[in-house]
1. Anything in region B:77-102 that is within 14 Å of chain A (Cβ to nearest Cβ) and either open to solvent by less than 30 Å² (accessible area, probe 1.4 Å) or among the aromatic types (Phe, Trp, Tyr) (or both)? List them, or say none.
2. Taking the condition over 30 Å from B:VAL293 (Cβ atoms) and either within 21 Å of the chain's Cα centre (by Cα) or not in a helix (DSSP H, G or I) (or both), does B:LEU426 pass?
3. Pick from region A:92-105 the residues that are touching a Ser or Thr at 6+ places or on another chain (Cβ under 7 Å) and not in a loop (DSSP other than H, G, I, E, B): which of them is surrounded by the most Cβ atoms within 10 Å (Cβ to Cβ)?
4. Restricting to region B:192-211, give me the number of residues that are surrounded by fewer than 21 Cβ atoms within 10 Å (Cβ to Cβ) and more than 9 Å from chain A (Cβ to nearest Cβ).
5. Within the bounds of region B:390-413, is there any residue that is over 15 Å from B:THR588 (Cβ atoms), part of a helix (DSSP H, G or I) and under 19 Å from the mean Cα position of the chain (by Cα)?
6. When you look at B:ARG112, is it closer than 30 Å to B:ASP140 by Cα and in a helix (DSSP H, G or I), yes or no?
7. If B:LEU343 satisfies every condition in (1) part of a helix (DSSP H, G or I); (2) modelled with pLDDT under 85 but one, which is the exception?
8. For region B:208-235, which residues satisfy the criterion of being assigned to a helix (DSSP H, G or I) and farther than 22 Å from B:ALA322 by Cα?
Amino acid sequence: MSISLSVVSLEDWTEAPPHDGTMAPRVTPLGTAALGFTGRIHAVDASACSGVPAPAELEHRLLELGFVEGATVEIRHQGLFRRDPIAIRVNGATIALRRREACAIHVHTTEPRTPGTRR
Amino acid sequence: MNEVSAATRAVRVALVGNPNCGKTALFNALTGSRQKVANYPGVTVERKEGGFVTADGRPVRLLDLPGTYSLRARSPDEVVTRDAVLGQLAGEDPPELLLCVADATNLRLGVRLVLELKQVGRPMVLALNMADIARHRGVDIDVGRLSAELGIPVVSSIAVRRAGTEALLAQVGDMIRTLPPVSGEPCGWSAPGRAETRALQREADRIVAASVTQPAQPDTVTARIDAVLLHPVWGTLVLLAVLFLMFQAVFTWAQPPMDAIKAGFDRLADVTGALLPDGLLRSFVHDGLIGGVGAVLVFLPQILILFLFILLLEDFGYMARAAFLMDRIMGGAGLHGRAFIPLLSSFACAIPGIMATRVIDSRRDRLATILVAPLMTCSARIPVYTLIIGAFIPNRAVWGGVSEQGLVMFGLYVTGIVSALGVSFLLKRVVWRNTPPEPFMLELPDYKLPSVRNIGFGLLQRAKIFLRRAGTTILMMMVVIWFLASVPRPPEGATEPAISYSLAARIGHFMEPVLAPVGFNWQIDVALIPGMAAREVAVASLGTVYSIEGGDEEVSRQLGQTLVGKWSLATALALLAWYVFAPQCASTLATVRRETGSRGWAAVLFAYMLALAYGSAFAVFQIASALGAG
């Protein structure tokens with residue numbers, strides 16, 4: 001069930017026009033990204049997420065774990081069932097989230113990490 | 001005069017930091033063995049306090065607070081940290097100095113906490129812990145710059161190395177000399193909103209970027225280990241192997257020390273038996289004190305080995321990974337991934353397991369875990385299982401060297417796990433049908449080598465807690481049981497065993513009609529009552545009830561033979577089924593009451609386990625009887 005939901009929202013995001021300017025990369029929810037995805041946080045906004053905790057609280061907890069706008073993220077690992085949960089490297093720390101919550105983190109793609117770059 | 005008392009009075013310092021920043025290791029390093037573990041009144045959050053003396057000779061009382069990312073507390077643990085820091089905790093004076101700890105290898109979350117703590121307005125010092133690992137990785141921290149940016153003293157520390165805390169101690173000593181008095185005015189902290197948290201994190205990131213030079217080549221050790229340990233397939237297999245090794249160790253490594261403890265108590269019983277004249281006093285010391293407490297102390301090695309594994313895995317950084325791997329699997333049964341650690345601890349004893357649920361933020365997930373934790377086969381059930389299986393199940397190989405006895409034992413464990421998953425599934429689907437699941441958000445700390453000293457301190461604490469329990473609750477219950485089984489004394493010329501005239505027999509006969517349908521006779525009914533104190537005491541009580549004399553070892557063997565003569569196979573199997581659920585453990589119920597803050601949940605736990613125990617024992621007894629085992 002959650003998979004079909006994710007696919008729908010992924011399409012929504014990819015078909016949406018670029019956020020600002022013509023050269024801006026596409027913004028997608030981190031929760032729908034594939035293993036190995038690297039990118040930068042465009043916005044942390046849980047207003048589209050329903051459930052527990054309330055969107056404002058979910059957003060606040062993500063902020064407290066270091067998911068702030070501008071931080072670099074990389075999906076390092078994912079679980080066996082439904083590719084869930086995911087382990088995300090965010091500015092030097094690894095945080096585990098379920099894909100459902102990770103959908104509150106909106107990211108844009110950056111070039112895959114090359115050796116020697118800062119994580 | 002005031003100056004004299006001010007110079008000798010202990011200074012209150014609170015230790016605050018993120019989870020996984022090595023705070024406990026630093027606490028151990030600073031205070032050594034001068035630690036006291038207790039509970040905060042009203043909550044079961046452990047209160048850890050220790051002491052040390054500054055170079056000037058000022059005594060310091062160091063309070064170790066639960067790790068947190070923010071003072072905006074959510075879990076009971078974090079509430080304690082917030083209230084202690086703000087000086088709002090009942091019965092606790094506000095700290096005069098905050099000792100903040102941050103992980104030097106990953107400063108951004110720690111620095112944000114420092115920025116938030118600055119609003120409290122107390123004097124602060126920041127310890128950059130694990131400075132050795134940071135240096136080894138090539139992370140270069142400009143301590144002077146960081147201190148200037150934060151406006152507080154900053155010192156590097158290495159908690160796990162001797163002399164690694166000297167600079168920190170000197171700094172704390174300096175600050176204590178010039179501490180301002182605690183003012184009565186309200187502090188400047190108020191719960192930050194999202195915008196403030198964003199701003200604080202941006203500021204923290206700016207400060208870290210300005211004062212820390214990251215290495216050109218990032219450290220990849222954790223990533224490489226995780227490539228295997230968090231691999232969907234290999235990681236799961238490794239987790240299963242770790243669990244298998246752990247149980248193997250609990251049952252095989254623990255055997256020699258357990259035998260030694262048993263032998264020690266047998267010898268003690270022989271000595272007192274020879275010294276004391278036959279009669280009430282000897283019976284009290286022999287059967288009540290030594291027999292009862294000895295029967296419980298025997299489990300110390302098993303509990304310590306289990307905790308050794310848990311502490312090692314925790315210190316290494318694996319526990320969070322186990323929760324990650326198990327989240328989906330446990331989520332299917334309505335449990336949170338974080339429930340994995342408490343449930344694992346419950347195989348030793350449900351009490352530390354239930355206390356470990358404090359790490360779960362959501363009350364609903366915490367309750368579900370607390371309610372099913374006692375279904376995990378705790379080590380106190382082992383003697384009951386061993387006794388009955390040894391007496392009634394033939395010791396023959398089934399296939400490939402697997403014995404029928406071992407298979408039954410394994411089956412009992414599996415039954416416990418399956419029913420725990422079933423109960424939590426029902427809770428999720430029936431009781432909390434309309435509540436969506438809580439999020440799973442967990443930091444996976446970088447791996448590090450476990451510190452021998454930390455593990456040692458942890459084990460010592462566990463041993464102390466267990467021994468205190470054996471010396472108080474269990475000892476008291478044994479006295480009560482001995483009293484019930486011995487009073488009143490049989491009349492002159494009595495033909496029946498003495499116990500038949502006792503209060504215990506009356507209670508047993510009273511319960512008989514209720515428990516007859518599950519195949520229990522009055523002797524079993526009597527033994528179930530002391531099992532309230534601790535399940536394993538039921539074995540000793542059966543021994544007392546069946547009036548068998550002799551050492552512990554002998555009682556167990558002879559008791560088995562006696563039982564074969566007195567019970568049908570159906571009764572024995574029914575008792576095994578009963579003990580899978582066995583609701584009667586007063587300490588567990590007391591812990592649940594304290595932990596949930598209500599008698600209601602303890603009552604729910606007792607009622608549902610009693611119903612399951614009765615139901616399954618009834619089914620097993622009736623089916624086995626119908627099949628001709630009655």
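The values are calculated or read from the model by the stated rules, or taken from the named source; none is laboratory data. Since the structure is predicted, the reported quantities are computational estimates derived from the model, not experimental observations. Note that each Cβ is placed from the backbone with ideal geometry, even for glycine, and that neighbours are counted across all protein chains shown. What goes into the accessible areas is simple: the full protein's heavy atoms, side chains included, and nothing from ligands, DNA or RNA. Shrake-Rupley method; radii C 1.70, N 1.55, O 1.52, S 1.80 Å.
1. B:GLU78, B:THR81, B:ALA102
2. So B:LEU426 fails the test.
3. If we filter region A:92-105 for residues that are touching a Ser or Thr at 6+ places or on another chain (Cβ under 7 Å), which is where we start, we get A:99-100, A:103.
Then keep just the ones that are not in a loop (DSSP other than H, G, I, E, B); that gives A:99-100.
Values: A:ARG99: 23, A:ARG100: 20.
Among those residues, the one meeting the criterion is A:ARG99.
4. Within region B:192-211, residues that are surrounded by fewer than 21 Cβ atoms within 10 Å (Cβ to Cβ) and more than 9 Å from chain A (Cβ to nearest Cβ) number 7.
5. no
6. yes
7. B:LEU343 satisfies every listed condition except (2).
8. B:VAL208, B:ALA209, B:ALA210, B:SER211
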